[in-house]
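What follows is a set of notes on a single structure, which appears directly below.
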Amino acid sequence: MDFHQFKEEVIAYSKEIGIDKIGFASVDVFGELKARLKRQQSLGYQSGFEKGSVDERSEPTRLLPEAQSIISIALAYPSKMNDAPKSKKGDRRGIFARASWGRDYHDVLRDKLNQLGSFLKERFPEVELKSMVDTGELSDRAVAERAGIGFSGKNCAIITPEFGSYVYLGEMVTNIPFEPDEPVDDSCGDCNICVDTCPTDALIQGGQLNAQRCIAFLTQTKGFLEEEYRTKIGNRLYGCDTCQTVCPKNKKKDFHNHEEFEPDPEIAKPRLIPLLSISNREFKEKFGPISGSWRGKKPIQRNAILALAHYRDETAISELIRLMEQDPRPVIRGTAAYGLGKIGTRECYEAIESAKANEHEEDVLFEMDKGLKFQEV
């Protein structure tokens, strides 16, 4: 078989099915990645969401012993929302990060990879393949970098010449010996804006991220958010875009190539107070189709409370009191008490004092005391 010609056919087909960019990489060990992963592990900088061992994440043949090449794909997503509603006094809204706008990208990219896999199978019946999107063992970014999709920026995102870093990535390990593409030259240069602007100093230096400090990670945790980060997340409900929005390479990058990724403004930028009383069923129906719902409603509600506290929204007081007094989840009760304290009216402090008499969870009582301490400021 003429694999050079086959590669051209695959590229042409990828365009037919709406893949914005495609590249091909070797299956050599990702030596630099392996060393970096070990270093991150030793420093405690990993998020804990990673799949597989360091060897599985850096050696493609451990995942597919017959592997001879990796196909990397990228789909662009929008950076701007049409008709975005305003967050205003008395009607405050939260925000989901751009990477969670529209339909869950995992599903969309898996569909593209499945179509690509069927195409390969049709022309090369003996094909063996393994596809991954985000939650697989391989690093999507390391594969994309090697495949020439883009370079790895100081913000740890893949930056493409065409779409900036506003791209979703996926890959397919195959036993087809496709010729690898050339990597793209790194062009961050002396720019250090993303590192300097990171709200929590999660970017230790260009290309090194402490995921434990990253707001994108913190908004997905389920416990009490450490106090040092509570003032940093603002009105973010899921994810963080700061290191992308400040990047000069993303200036004027806004692509609306896929209807699936178009945001519903009422989902991507929802009202905060209604989130506090949303049922599991309502949450699943409204937010289930987006990637930002994968951890369930509890982290979103906790973040919504902190956003209301950030705004010092007095219209939320009665709802926060209800949560503090009645919600069965300690994290929500305690965060509501903290939020009331930050809003800081007499009604808030009296409600916290009253609720303390009926609270038995030490963590919640601790948060109530934190809330009451705002009186001293």
For a quick check of your reading of the model, give me the residue pairs whose first member lies in the range 316-336 and is in contact (Cβ under 8 Å) with a residue 60 or more places away in the chain and under 16 Å from ILE300 (Cβ atoms), whose second is aromatic (Phe, Trp, Tyr) and outside any helix (DSSP H, G or I), with beta-carbon atoms closer than 8 Å and at least 6 apart or on different chains. VAL331/PHE224; THR335/PHE224
Using the structure shown, decide if PRO274 is surrounded by fewer than 15 Cβ atoms within 10 Å (Cβ to Cβ) and farther than 25 Å from ALA97 by Cα. no
Got at least one residue in the range 103-116 being surrounded by fewer than 18 Cβ atoms within 10 Å (Cβ to Cβ), aromatic (Phe, Trp, Tyr) and either in contact with a Phe, Trp or Tyr (Cβ under 9 Å, 6 or more places away or on another chain) or part of a helix (DSSP H, G or I) (or both)? no
Scanning for something among the hydrophobic types (A, V, I, L, M, F, W, C) and either at pLDDT below 95 or over 24 Å from GLU359 (Cβ atoms) (or both), does the range 293-304 turn up at least one residue? yes
Within the range 64-83, can you find the residues that are assigned to a loop (DSSP other than H, G, I, E, B) and either under 24 Å from TYR13 (Cβ atoms) or at pLDDT 95 or above (or both)? LEU64, PRO65, GLU66, ALA67, GLN68, TYR77, PRO78, SER79, LYS80, MET81
Inspect all residues belonging to the range 209-223 and state whether any of them is without any contact (Cβ under 8 Å) to a residue 40 or more places away in the chain, surrounded by fewer than 20 Cβ atoms within 10 Å (Cβ to Cβ), at negative phi and not β-branched (Val, Ile, Thr). no
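If you go through the range 166-187 one residue at a time, how many are touching a residue at least 40 places away in the same chain (Cβ under 8 Å) and in a loop (DSSP other than H, G, I, E, B)?
9
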Looking only at the range 12-22, which residues are touching a strand residue (DSSP E or B) at 6+ places or on another chain (Cβ under 6 Å) and under 18 Å from SER118 (Cα atoms)? SER14, ILE19, ILE22
Filtering the range 8-45 down to residues that are modelled with pLDDT under 95 and buried (at least 16 other Cβ atoms within 10 Å of the Cβ), which residue is farthest from ILE176 (Cα to Cα)? TYR45
Hits in the range 70-94 - residues which are over 30 Å from PRO183 (Cα atoms) and either buried (at least 23 other Cβ atoms within 10 Å of the Cβ) or touching a Cys at 6+ places or on another chain (Cβ under 6 Å) (or both): ARG93, GLY94
Mind checking whether some residue in the range 128-148 is of a type in the set (Asp, Glu), within 21 Å of HIS258 (Cα to Cα) and part of a strand (DSSP E or B)? no
Is the range 153-160 home to any residue that is crowded, with 23+ Cβ neighbours inside 10 Å, over 19 Å from the mean Cα position of the chain (by Cα) and outside any loop (DSSP other than H, G, I, E, B)? no
When the residues of the range 245-262 are narrowed to those that are part of a helix (DSSP H, G or I) and either in contact with a strand residue (DSSP E or B) (Cβ under 9 Å, 6 or more places away or on another chain) or among the charged types (D, E, K, R) (or both), which ends up surrounded by the fewest Cβ atoms within 10 Å (Cβ to Cβ)? GLU259
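The values are calculated or read from the model by the stated rules, or taken from the named source; none is laboratory data. Quantities reported herein were computed from a predicted structural model and do not represent experimental measurements. Don't worry about glycine lacking a Cβ; one is built from the backbone with ideal geometry, like all the others, and counts go over all protein chains shown.
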